[in-house]
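The values are calculated or read from the model by the stated rules, or taken from the named source; none is laboratory data. This structure is a prediction, so every number in the text was calculated from the model and none was measured. Here the Cβ positions follow ideal geometry from the backbone for every residue, glycine too, while neighbour counts run over all protein chains shown.
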Amino acid sequence: MLIIGIGFTQPSGYYAFQLFDDYSLGLPLLFIAFFQVIAVSWVYGNDKFANDIEFMTGSRPNIFWMICWKYISPLAIFVIFIANCVKQGSSTYTYTAYVGCLLDPFSSKHPGTEESTAKVEYPGWGVFIAVFFTIVSMVPIIIWLVKDLVKNPSKWGAAFRKKFTDPIEYHPDPARADPSRRKTINEVQMDILKEFEKAAATEA
């Protein structure tokens, strides 16, 4: 990040910033956000997450937010991600270059414009860097998922069967359908202490 930041301070830093800003934020952030919301609402569990919020704030999240976390947000993020992939894959990689005005072009390669800027296509190496910026923050997630799946296939299979064969799991807040899953503040606190003790024992 320091090396990239230094690049932004150079005379050509405006173009380096464009490359970084256009291709390292949109798709990667959507990709990461999708897996984050899936991890919280489906893997960890909306009911456990609601128990934690109730422990911290004293009130349980409204069912509307539970629906958003479990269904609306993942679907919306997925659709937007796919639409952006299609758009980016079918469009030409371009950047905004300063070309000067009509009367005084900055370079003989490009005529000037009224706005003094023009969309210019990236060379091959620029497209490579753009693609690298796009995938560099997504690849580690995919590698970890595949690695853990290959290492613990039975664990994944059992978790999927438990999650998708139990009708209660499809409820936005499973604790509303099964009150035994709703924990009191003291029970949540005990769970936290157990996790701390487990982590301390692992480090020891």
Fill in the blank from the handout: Taking segment 44-94 and keeping residues in a helix (DSSP H, G or I), free of Cβ contacts under 8 Å to residues at least 40 places away in the same chain and among the β-branched types (Val, Ile, Thr) leaves ILE53, THR57, ILE72, VAL79, ILE82, VAL86
Problem - Failed criterion for PHE55 (all others in (1) surrounded by 14 or more Cβ atoms within 10 Å (Cβ to Cβ); (2) under 22 Å from the mean Cα position of the chain (by Cα) hold) - result: (2)
Problem - Test: residue in segment 156-173 that is assigned by TED's automatic domain parsing to the domain that holds SER24, surrounded by 14 or more Cβ atoms within 10 Å (Cβ to Cβ) and over 21 Å from PHE64 (Cβ atoms) - result: yes
Handout entry: Check on LEU30, touching a strand residue (DSSP E or B) at 6+ places or on another chain (Cβ under 8 Å), surrounded by 15 or more Cβ atoms within 10 Å (Cβ to Cβ), in contact (Cβ under 8 Å) with a residue 40 or more places away in the chain and assigned by TED's automatic domain parsing to the domain that holds ARG176
Key = no
Completion exercise
By residue number, the members of segment 153-170 that are of a type in the set (Asp, Glu) and under 24 Å from the mean Cα position of the chain (by Cα) are GLU169
Exercise for the section: For segment 180-203, state whether one or more residues are modelled with pLDDT of 90 or more and farther than 21 Å from THR57 by Cα. Expected result: no
Exercise for the section: Give me the pairs, please: first residue somewhere in segment 181-204 and in the same structural domain as PHE55 (by TED's automatic domain parsing), second residue anywhere and β-branched (Val, Ile, Thr), beta-carbon distance under 9 Å, and either six or more positions apart or on two chains. Expected result: ARG181/ILE168
Completion exercise
Scanning segment 109-125 residue by residue, the ones that are at pLDDT 75 or above and among the charged types (D, E, K, R) total 2
